[in-house]
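Everything on this sheet refers to the single structure shown next.
Nothing in this text is a laboratory measurement; each read-out follows from the coordinates by a stated rule. Note that the structure is a prediction, hence the values are computed from the model and not measured. Positions of Cβ are generated from backbone atoms using ideal geometry, with glycine treated the same way; all protein chains shown enter the neighbour counts.
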Amino acid sequence: MYRLGGPGVCIRGVNYRLRYNATAAAYGSVPDSSCTSPWLNIGVYGTGVGFQCESELTGPGNLTSDGPHSYSISVDNGNGYNLQYRYILTDWTGDEHVLRTTTSTTDGVFSQSFSLLELGPHGVGNYTLHVEISEVGGAGISHTCEKSIALNVGTLIADFTYDAGGWSNSAVPVGQQICFTNTSSTTPPLALDYSWTISGDPAHNSLGVSGSTDEDLPCLSFSQPGSYTIELQVESASGRTDAKSLTFHVYGLQSISISRSGDAFAPSEQSFSAIGTNITGGYTWQFYPDGSSTSLGSRSGANVTFPFNTPGKYRAEVTGMGPLGPTTAMLEFTLLAPDALAARFKASQYAGIGPFEVCFTDNSVSGTPILTWEWDLDGDGLYELSYDAGNKPASICHTYDGPGTQTLVSLRVTNAAFSDTAHNTIRVYSLLESNASFSVTPNGAGSYCFTAILPDGVSVTGWDFGDGSPGGGPEESLCHDFSAAGTYLVTMKIAKDGETGEVVREVEVPAGPAATPDLSVTATCSADRTASFTITNNGGNMATPDQAIIRDLNGAVVHTESFRLDAGQSITISVANMSGKVTLETVDFQLSAETTCFYPPELSVAATCSANHLPVFTITNARPTDGPMAAPQAYEIRDSQGTVIDSGTFQLGLNQTSVDIPVPAGNNPYETYSFTSTGASGDLSVQGHRCAEPPQLSVSSQCDYPIAFTITNTGGDMVLEQAYTIVSNGTPVTSGTLNLAAGASTTVTLDGLDPYAGYTFSTTGFAGNHSLTQDCERPALEITSQCDYPIAFTITNTGGDMLLEQAYTIVSNGTPVTSGTLNLAAGASTTVTLDGLDPYAGYTFSTTGFAGNHSLTQDCERPALEITSQCDYPIAFTITNTGGDMLLEQAYTIVSNGTPVTSGTLNLAAGTSTTVTLDGLDPYAGYTFSTTGFAGNHSLTQDCARPALNPTTQCADIVTFTVTNDGGKMLTTQPYSVVDPNGIEVVAGSFDLDANASVTIPVPDANPYHTYTLKTDGFAGTLDFAHLCEAPVLYVTTTCESPARFTITNTGGDMLVPHTYRLFSDGRDVTPAGNEFMLLKGQSLRVDEPGVDMARGLRFGSRY
């Protein structure tokens, strides 16, 4: 151990260096040796420094794995203090993150381990790990020490893959879609920022951009050959970056176009040429009959010939090599027989915005001369144009219109042997079609690319290239190879919101290389605002028509036109009535030009008010510097009645901003005035302008007392006084002037004047002519009264309202019984009722006043009752009113022998009667009717004599009963019956006998000697009376003497009916005449019959 110096030798705060030398003497064969130690730095701590950081914070600085990662520091803590270690991570923004706090008494190296996520919480980036050490054990040491280490956390790799449909980046065709997948990675896996860069002209890639910040780059293609580099740069939040790039070599599409020349008829030798684009190898040819795979022969080279001996359809195929591999083209053609005919024609334009003119060119071929041509130009199936070779028209043209229409144009040609017909369709664009187009870009040979030009919302649904190929799908940009030279109609099919359409463009594939067209355009605008664009071709002939689109200052398409210029040609396209910037663009050659036309003047008119309250109309041109008026324009000023009060013309020239046109002085300041001007510079109008709000006077009056007229101004202030007058029956009663502010009113009152006299208020002036007549209708009182109880007088006003109360009085026999006042509105009524007073006493109502003098007497006639009754059944009392109407009901009662049998009330109008019937009561009992009241006291007794029935009967040959009424008249019929001895009814009926009258009741076919009983029971009495007659008893005796004699003796009752007898002798009837007999009781009859031989016998017979 070595001690450095002694007390006071080491100075606090000074750093010392110490080293030592060691020497060893030789020992045996070992030579001597010496060495010097390295310097040791010794720092002398100051007072209160009880520990110290003796090393830097050490550990890995570049972190790529998950860890753990250990970091150490050497601390001189020989005193054994309890030290706190606080680890802090600082990111690249300066934000601090406390990772851990721990304590230790370690003297020497102290270590802690951390994961990758702890050390890189924000992902890839540069961080600083910092440790702060302090004493926390209570030793009171304030000293601290700290150390840091820089960290480079995580890995960042930029990478991507691509899919080019089987092509590699070393050779990609123009238009080939390339899709990219971002495979970049980072550890730890946190979010990154991406930046894609696409080299070259952005217009040459399908995205139209030079880069993207999306994670994945959308699929794209390149429209032009060249080398294009795609670079992906990734950046972490800390700013660390990585990049990857890849270059794609894009070649133009390989294509071959075949042209054929030679006679159209067989046999002939045909010449073929292959025009290739991006073809580097030789050409080989094969020739086939149509529909056959057996070759007729082969050839090599770009230009070849081949013989065809028979008419028919043939196919030529050629193959060439290029950087994208082999390319093949095919041409199908037909050779005609020597005398055959083929109709063909071409249109100058196949589609467009109507109206447009189309001219047609005949391209028909025939082995013999064509004799006639027939055209159907309007598609109606009729050939309206016909001619022969001697009168061919100079041009064949037709104008087509009608948006959305298609017309099938037909040409029929005829030679000596055949006729043939060709067709083409001319389309007039709909609104959907007119706003869409597509560009045509030649790529060499027969290769063309097409790019849709569409407004928002329109999509492509398909393509037809006009060469019989399958066509294209919904791509907005695609390319196609035409295998043969010629003219093709390419159709783009579009749709929007369920509507479909087609856009057609003509593509001319040339037969061989041609000079490139060199187009230029100039633009002018004339003074009449006609924009003209002149397109000039200073290069080679245009093979395919281009399309010019002209737009106005708002970008709206105002005109489209197809054009094809040969070398040195030019065309001027004009659009009239344009304003501001007018632009022309062509679809294929991308020409553009613009010109500025004077704008139409932007005139406006406004009205202000002058000091005299009359309008001044100011016409202002908002474009004084570029929109002057080309000519004067007339104007008119009219009042509210339409009367012209001023007219003239005005013209605002260049740089002239406005002109004032006042309403001439002296006109009504309250009037409304209208300014109108119509012309080429626009329609101007100010309707109904007024400077002073006209007063709106209204005059009102109520039927009241006193009469008053109220004048109210609901308009503007009156600026002039206006006189008024009030007259009655032509005589003025008052006058004055009005001067009312807006919203004010005044009232003119006619105090003390008759309110029903009728008055007219009138005023005339600028505030308006007003007149109001207040003719309050006089009341028309009608007094009515009915004979009723109680007596009442009804007063009805059938005239105007009563404006004042009016007194009335009612008297009876000169004595007032009541009084009051009346005040009735029009149509109203009131009733004065005399409750409790005698209604028959007679009353007079009277009233006097402005409503009129009226009097009415109500003297109701008293009733005069008469009561009558007849002896009848049923008993009835008839009450007759021979006086006035009964106004009150009056009770009555009917009694019999002091006992009430019925009661009720009477209420009879004058001349009427009522009957009270005593149904079901004995009419002979005697009844008294009585009534007492205002209609009088009356009583009547009805006592009808009761009948007295007396029956009798006679013993006679016919049985009869006689009933005699010895009493009063029967008032109702009474039934009877007659029964035989067995109680069987043999006769029935009824009888009704007056006093002292009788009735006989026969009993037909009755045996007069039998007992019959008459029975009856009713109000007239009861009978049970028998008919009793003794029957006769006859005996016959005879003696044998001459003359013959018979004696008949009646020992019973009297015979009531004669008998006859008969005599027979020896069977002979010997009855004498007068053989009838009738014997009373005790009588006998002797019958002698002389001349009869008694020996022969005699027989007597008798019968009733």
Using +1 at the Cβ of each Lys and Arg and -1 at the Cβ of each Asp and Glu in the chain, identify which of SER469, ASN965, SER111 lies farthest towards the dipole's positive end. SER111
With 0.36 nm assigned to each residue of separation and the Cα-Cα distance removed, SER977 to THR461 gains 173.7 nm
Inter-probe distance in nm under a simple model that places probes 7 Å from Cα toward Cβ, at SER647 and PHE418: 7.5 nm
Determine the sum of side-chain charges near VAL558: Lys and Arg each +1, Asp and Glu each -1, restricted to other residues whose C-beta is under 12 angstrom from that of VAL558. -1
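Using a cut-off of 13 Å between beta-carbons, work out the net charge of the residues near GLY627 (Lys and Arg +1, Asp and Glu -1, GLY627 not included). Walk me through the numbers on the way to the answer.
On the way: positive: ARG529, ARG623; negative: GLU602, ASP626.
Once all neighbours under 13 Å are counted, the net charge is 0.
Give me the percent relative contact order of the chain, please, defined on Cα pairs under 8 angstrom at least 6 residues apart. Present the calculation step by step, with values, prior to reporting the outcome.
Working: 2779 pairs, mean separation 36.4, N = 1104.
Relative contact order for the chain comes out at 3 percent.
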Tell me, what is the percent relative contact order of the stretch 343-491, built from C-alpha pairs under 8 Å that lie six or more residues apart? 19 percent
Between ALA988 and ASP859, take the C-beta separation as r, use R0 = 51 Å, and let me know the FRET efficiency to the nearest 0.05. 0.20
For the stretch 283-358 and the stretch 689-754, distance of Cα centres in Å: 103 Å
Relative contact order (percent, whole number), the stretch 697-774, Cα cutoff 8 Å, 6+ residue spacing: 36 percent
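Sorted by packing (mean other beta-carbon atoms within 10 Å per residue), highest first, where do 409-415, 738-744 land?
Descending mean neighbour count gives 409-415, 738-744.
For the chain, what is the charge dipole size about the Cα centre, in debye to the nearest 20, if Lys and Arg each add +1 at the Cβ and Asp and Glu each add -1 at the Cβ?
Numbers: 41 positive and 109 negative charges, 456 e Å.
Dipole magnitude for the chain comes out near 2180 debye.
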For Rg and Dmax of the Cα atoms in Å the list reads [x] 73.6, 250; [y] 36.4, 128; [z] 47.8, 163; the calculated value is entry [x]
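From the helices alone, meaning DSSP H stretches of at least four residues, give me the mean residue ellipticity at 222 nm for the chain, per-run term -39500 (n - 2.57), in deg cm²/dmol to the nearest 500.
0 deg cm²/dmol
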What is the sum of charges, Lys and Arg at +1 and Asp and Glu at -1, for the other residues whose Cβ falls under 13 Å from the Cβ of TRP373? -3
Between THR734 and THR830, the FRET efficiency computed from the C-beta separation at R0 = 45 Å comes out, to the nearest 0.05, as 0.80
Sorting PRO1058, VAL490, GLY78 by the position of each Cα along the dipole of the chain (Lys, Arg +1; Asp, Glu -1; all at Cβ), the one nearest the positive end of that ordering is GLY78
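Tell me, in nm to one decimal, what length is gained between GLN52 and ASP388 on full extension, where the rule is 0.36 nm per residue of separation less the Cα-Cα distance? Provide the component values of the computation, followed by the final result.
Working: separation 336, 0.36 × 336 = 120.96 nm, distance 12.11 nm.
Result for the pair: 108.9 nm of gain on full extension.
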Pick out, from ILE535, THR620, SER206, the residue whose Cα sits farthest towards the positive end of the charge dipole of the chain, with +1 on the Cβ of Lys and Arg and -1 on the Cβ of Asp and Glu. SER206
